[in-house]
Amino acid sequence: MKRLLAVATVLVVASSAMAADDPVSNAFRVCKMIDNTGLFTAPCQVSSRKYALTATIDLPTADARKACMQIAGVAASKGYHFPGGEWTVQIKSPTSGDKSIAFCRLPK
């Protein structure tokens, strides 16, 4: 739970930038924000073909879902939009292999 609160705090304080409506650029901005927290166990990855950002963190599934929603909320609050597809955040754990333990949609 402490780690989840740390994720939320660091994401909210992440530096603000003017957002464009280019979903790939915004995906890289969100990934940079995720990586800058220092809490995730692997670099965030962007797949423009799958419309997904993938982050890896060692959290229980319920907390990963909350972290996912917080990431989407911060992206929305910063004005990052993801038009043209159903962009998602996929959260994996270090032990889940290629399977996501949580996912959520990013704002259109």
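The values are calculated or read from the model by the stated rules, or taken from the named source; none is laboratory data. As the structure is a computational prediction, the values presented were derived from the model and not from experiment. When we count neighbours, we look across all protein chains shown, and the Cβ atoms used for this are built from the backbone with ideal geometry, even at glycine. All accessible areas refer to the heavy atoms of the entire protein, side chains included, with ligands and DNA or RNA removed. Shrake-Rupley method; radii C 1.70, N 1.55, O 1.52, S 1.80 Å.
Please count how many residues of segment 28-42 are more than 23 Å from Glu86 (Cβ to Cβ) and open to solvent by 80 Å² or more (accessible area, probe 1.4 Å).
Residues that pass the stated criteria total 1.
Here is a list of conditions, (1) under 17 Å from Phe40 (Cβ atoms); (2) hydrophobic (A, V, I, L, M, F, W, C); (3) open to solvent by less than 50 Å² (accessible area, probe 1.4 Å), and Met69 meets all of them except one; can you say which number that is?
(3)
Pairs under 8 Å by beta carbon, first residue more than 18 Å from Ser93 (Cβ to Cβ) in segment 17-45, partner modelled with pLDDT under 95 and part of a helix (DSSP H, G or I), six or more apart or different chains?
Close Cβ pairs satisfying both conditions: Met33/Leu11; Asn36/Val10.
Scan (1) open to solvent by less than 30 Å² (accessible area, probe 1.4 Å); (2) assigned to a loop (DSSP other than H, G, I, E, B); (3) among the hydrophobic types (A, V, I, L, M, F, W, C) for the single condition Ile91 breaks and write down its number.
(2)
Does Gly38 satisfy the criteria of being over 25 Å from Asp22 (Cα atoms) and modelled with pLDDT of 95 or more?
Numbers: over 25 Å from Asp22 (Cα atoms): yes; modelled with pLDDT of 95 or more: yes.
Yes, satisfied.
Mind listing whichever residues of segment 67-96 are more than 11 Å from the chain's Cα centre (by Cα) and aliphatic (A, V, I, L, M)?
Ala76 - this is the single residue of segment 67-96 that is more than 11 Å from the chain's Cα centre (by Cα) and aliphatic (A, V, I, L, M).
Scanning segment 11-35 for residues that are modelled with pLDDT of 95 or more and of a type in the set (Val, Ile, Thr), which turns out farthest from Ser77 (Cα to Cα)?
Only one residue tops the list, namely Val24.
Residue under question is Lys108, and the condition is that it be farther than 18 Å from Met33 by Cβ and open to solvent by 30 Å² or more (accessible area, probe 1.4 Å); does it hold?
On the way: farther than 18 Å from Met33 by Cβ: yes; open to solvent by 30 Å² or more (accessible area, probe 1.4 Å): yes.
Judged against the criteria, Lys108 is a match.
Might you check whether a residue that is in contact with a strand residue (DSSP E or B) (Cβ under 7 Å, 6 or more places away or on another chain), among the aliphatic types (A, V, I, L, M) and either modelled with pLDDT of 95 or more or crowded, with 19+ Cβ neighbours inside 10 Å (or both) occurs anywhere in segment 74-88?
No, because not a single residue in segment 74-88 is in contact with a strand residue (DSSP E or B) (Cβ under 7 Å, 6 or more places away or on another chain), among the aliphatic types (A, V, I, L, M) and either modelled with pLDDT of 95 or more or crowded, with 19+ Cβ neighbours inside 10 Å (or both).
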